[in-house]
1. Would you mind checking the tilt of helix 13-24 against the longest principal axis of the Cα atoms of the chain, expressed as 0 to 90 degrees and rounded to 10?
2. Helix 65-77 against the longest principal axis of the chain: what's the angle in degrees, Cα atoms only, rounded to the nearest 10?
3. Based on Cα coordinates alone, diagonalise the gyration tensor for segment 1-101, multiply each eigenvalue by 5, take square roots, and list the semi-axes in whole Å, largest first.
4. Using Cβ contacts closer than 10 Å as the measure, can you line up 130, 22 from fewest to most?
5. Calculate how steeply helix 163-186 sits against the longest principal axis of the alpha-carbon atoms of the chain, using the helix alpha-carbon long axis, and give the answer as 0 to 90 degrees to the nearest 10.
6. Looking at the chain as a GNM with Cα springs under 10 Å, which of 164, 69, 102 has the largest mean-square fluctuation?
7. To make sure I understand, if each residue's beta carbon is the centre and we count other beta carbons within 10 Å, what order do 42, 49 fall in, fewest to most?
8. Restricting to the chain, compute how many DSSP beta bridges are antiparallel as a %, nearest 5.
């Protein structure tokens, strides 16, 4: 059985979606731990209520990003993870940390990468006149919000959309594609070659939402 560790900084709604899917769909995996850089992250209470181990590594207690990442990796590795999932973990990770988990570190970003890396993605999509917006699950590489794409979800940008209304529709799709992507990874149903991810059974890697 594979072991999954999830990193959060707040509520962790994608973490909740992954926990529910893992338990309800009987994945050959377990959520070994949920770890946060903030002790008051509400997602920690959700995890604990579902019998999942929790831990806090407070980034403010470290004088450098490298020192924080080293301690974070030490705590993560204590749970022997096969997969590490970033679910609203609001820290930029060092190259050494990312390479330590190469091929088993996933992130979700609220845009159709490579468009709009970074912050304020929904407002930027609206201001650019995009007709589609969405979210991307990808393997993490040292370059921020880049890396081989596992799955994407797209929704139309509607007349009158605000960043909040668009964000809400995109988030609903995130809760589908992130659990699906994590499940594919733990079940060995993905291949990665020359920066391109393929679903081995030819299942769709795009989800269309409303």
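Laboratory data are not the source of any read-out in this text; all were calculated from the coordinates shown. All values derive from a computational prediction rather than experimental measurement. All Cβ positions, even for glycine, are placed from backbone atoms using ideal geometry, and neighbour counts span all protein chains on display.
1. With both axes taken from Cα atoms, the answer is about 70 degrees.
2. Helix 65-77 sits at roughly 70 degrees to that axis.
3. Numbers: eigenvalues 99, 47, 22 Å².
Listed largest to smallest, the semi-axes of segment 1-101 are 22, 15, 11 Å.
4. On the way: 130 18, 22 21.
Lowest to highest Cβ neighbour count: 130, 22.
5. The angle comes out near 50 degrees.
6. Among 164, 69, 102, the largest GNM mean-square fluctuation belongs to 164.
7. Details: 42 12, 49 8.
Going from sparsest to densest Cβ surroundings: 49, 42.
8. Working: 15 of 36 bridges.
In the chain, approximately 40 percent of DSSP beta bridges are antiparallel ones.
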